[in-house]
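Bear in mind that the values in this text are calculations on the coordinates, not laboratory data. Source: prediction; values computed, not measured. Positions of Cβ are generated from backbone atoms using ideal geometry, with glycine treated the same way; all protein chains shown enter the neighbour counts.
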Amino acid sequence: MSSGYRGLAPYLYYADATAALAWLTRVFGFAEEVRFCDGAGEVFQATLRAGGARIQIAGVGPDYWQAKGVDGPVGQLNIVYVDDVGETYARVEAALGDECELEPPQDQPYGARVFTVADLGGNSWTFWQQTSETVELPPGWQEVRPGGESSNG
C-alpha cells in the first residue's frame with residue numbers, strides 16, 4: 001500500500017464537484033491535494049485532506065445514478081476530529097455567513113463536544129472534540145466490548 005493511503009477515506013458524490021471542492025475548502029478549511037478535471041475544467045474527482053485524513057469527492061450527475069438504476073447516493077455522517085471545536089465552529093460560521101443556520105457546539109454524554117453542518121450536497125459533517133473518556137449511559141443501557149465484558153449504565 002502506498003504511503004499516505006492507509007485506513008479509511010470517505011468517497012463522497014456531488015452533482016457539482018467543482019462547487020463542492022470550493023465549498024469544502026472555503027467553509028471547512030480542508031486542503032486540496034489534487035483535482036482531475038474534464039475538458040471544460042469541471043472537477044470529476046478530487047482529493048482533499050482534513051488533518052491526517054484524506055477525503056475523496058466525485059462529480060456525478062443524475063444520469064450516473066439512473067444508469068445504475070438508483071435515485072442517488074444514500075446519506076452518511078462524516079466525523080472530523082478537531083482539537084478545538086469552538087475555534088472550528090467560529091471559522092465555519094464566518095465562512096457560511098447567511099448560507100445556513102448553525103447550532104452551536106454541544107456537550108454530549110459520550111464525552112465529546114460537537115456541532116454538525118450539512119454541505120451543499122446534503123452530506124452531514126460533525127466536528128468532534130473529545131472531552132472525556134467517560135461515556136454516560138442512559139439508565140438500563142450497557143456497554144459491551146468484544147469478549148463479553150460489559151458495564152451497566
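For the chain, adding -39500 (n - 2.57) for each run of n ≥ 4 DSSP H residues and dividing by the number of residues yields -6000 deg cm²/dmol at 222 nm. The angle between the Cα long axis of helix 17-28 and the main principal axis of the chain comes to about 40°, on a 0 to 90 degree scale.
Classify region 62-149 as rounded, prolate or oblate, taking a ≥ b ≥ c as the square roots of the eigenvalues of its Cα gyration tensor: rounded when a/c is under 1.5, otherwise prolate if a/b is larger than b/c and oblate if not.
Oblate shape, in that a/c is at least 1.5 and b/c is the bigger or equal ratio.
Using Cβ point charges alone (K and R +1, D and E -1), the dipole size of the chain about the Cα centre works out to roughly 560 debye.
Straightening the chain between GLU133 and GLN56 buys 24.7 nm, computed as 0.36 nm per residue apart minus the Cα-Cα spacing.
Can you classify the chain as rounded, prolate or oblate using the Cα gyration tensor, where a ≥ b ≥ c are the square roots of its eigenvalues, rounded means a/c under 1.5, and otherwise it's prolate if a/b beats b/c and oblate if not? Prolate.
Computed from backbone phi, the HN-Hα couplings of region 120-133 come to 5, x, x, 6, 8, 10, 9, 9, 10, 10, 5, 10, 7, 8 Hz, rounded to whole numbers (Karplus: 6.51 cos²θ - 1.76 cosθ + 1.60, θ = phi - 60°; Gly and Pro given as x).
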